[in-house]
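Right, one structure below, let's go through it.
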Amino acid sequence: MTLNTISRHLREGSKSIVRNGWMSVASISSIVISLFILGVFILLSFNLNHLMSQVDSKITISVYLKVGTSKEQVDLLETDIGNMSEVSQVTLIPKAEGLKILEKKLGDQGKELVKGYTPETNPLPDSFTVEVYKPETVPMVAKKIQALNETNKDKPIDIVNYGQGSVEQLFKLTEMIRNFGLILVVGLGFTAMFLIANTIKITIMARQREISIMKMVGATNSFIRWPFFVEGALLGLIGSVVTIAILFFAYNQLFALTVNKMSSLQFIDMLPLGNIWLFAFGSLMALGILIGVWGSTISIRKFLKV
């Protein structure tokens with residue numbers, strides 16, 4: 001294909017958009033509406049995954065030792081737990097610090113309830129807070145920590161707690177939400193493709209006579225097809241750019257509300273647009289162009305008898 005031919009296809013495809021005014025507007029509007037709905041769910045899916053990751057990352061294991069466990073035993077356990085490949089951090093909470101934490105948790109009555117306890121009479125045990133690299137490994141790490149008792153004749157570990165039962169249910173829920181979001185986005189993507197393809201098909205049907213005349217004067221299928229490909233790609237590009245502009249403005253406005261201390265939405269932790277714009281908007285633009293070309297390809301085949 002020569003440079004002149006490519007230039008001609010680009011020129012004719014661009015002119016067709018202007019020449020078919022209202023039909024072009026209908027196609028672009030269809031693309032904008034479909035991609036906007038899809039874009040909203042893509043951004044929502046990103047933020048849901050972010051929220052679920054934050055919830056997962058806050059899951060820790062609490063290891064309570066028996067009262068009277070020696071410092072040597074405490075140090076040995078801290079080393080053994082810290083050496084586990086799944087563990088990212090082990091924090092020792094001495095019983096004196098544990099008493100202060102309990103006082104804070106009890107609120108206004110805390111001071112009265114813990115009043116009178118001395119280091120010697122403190123009933124709380126030393127404990128560890130264990131953090132892991134991957135939240136899904138929490139149950140397995142808890143079992144490994146509990147198993148340390150089997151290799152120690154003094155059995156210094158009293159309780160290993162990570163919210164058994166509730167944590168497993170939380171993991172199932174987060175996985176279900178992630179899978180549902182993915183299925184929804186893919187489903188909306190295909191729905192948008194068929195909706196936009198049908199709109200472009202109507203546009204090409206309105207120009208059936210033009211295509212027939214071109215065939216009659218000897219134009220090849222390729223010569224007829226390429227301007228429609230260009231037109232479809234441009235319609236998809238224009239529609240996706242408009243959609244991205246709307247989503248960019250709306251997301252920035254919503255994000256500004258979540259970081260505004262005076263806003264009622266400040267408790268929502270949204271991902272900054274800079275973390276997701278390349279994939280989210282890039283995929284929308286690519287999808288818009290793909291849909292435009294695909295819609296033109298499917299629709300014109302009938303008239304070219306390919």
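No value in this document is a laboratory result; all are computed from the given coordinates. Just so it is clear, the structure is predicted and the values come from calculations on it, not from any experiment. Here the Cβ is made from the backbone with ideal geometry for all residues, glycine too, and neighbour counts use every protein chain on show.
General observations
- Extension reserve of the ASP154-VAL241 stretch, reckoned as 0.36 nm per residue once the Cα distance is removed: 24.5 nm
- Theoretical gain in end-to-end length, GLN169 to GLU136 [0.36 nm per residue, Cα-Cα removed]: 10.7 nm
- Local electrostatic count at VAL130 - Lys and Arg +1, Asp and Glu -1, tallied over other residues with Cβ under 12 Å: -3
- Added length on full extension, which subtracts the Cα-Cα distance from 0.36 nm per residue, VAL259 to ASN83: 59.5 nm
- Cross-link pairs beyond the 18 Å C-alpha cut-off, checked among LYS71/LYS153; LYS58/LYS100; LYS100/LYS143: LYS58/LYS100; LYS100/LYS143
- Environment charge at VAL63 (Cβ cut-off 10 Å; Lys +1, Arg +1, Asp -1, Glu -1): -3
- Cβ-Cβ FRET estimate between ASN275 and THR191, R0 fixed at 22 Å, reported to 0.05: 0.20
- Cut-off 15 Å between beta-carbons: net charge of the residues surrounding VAL74, Lys and Arg +1, Asp and Glu -1: -4
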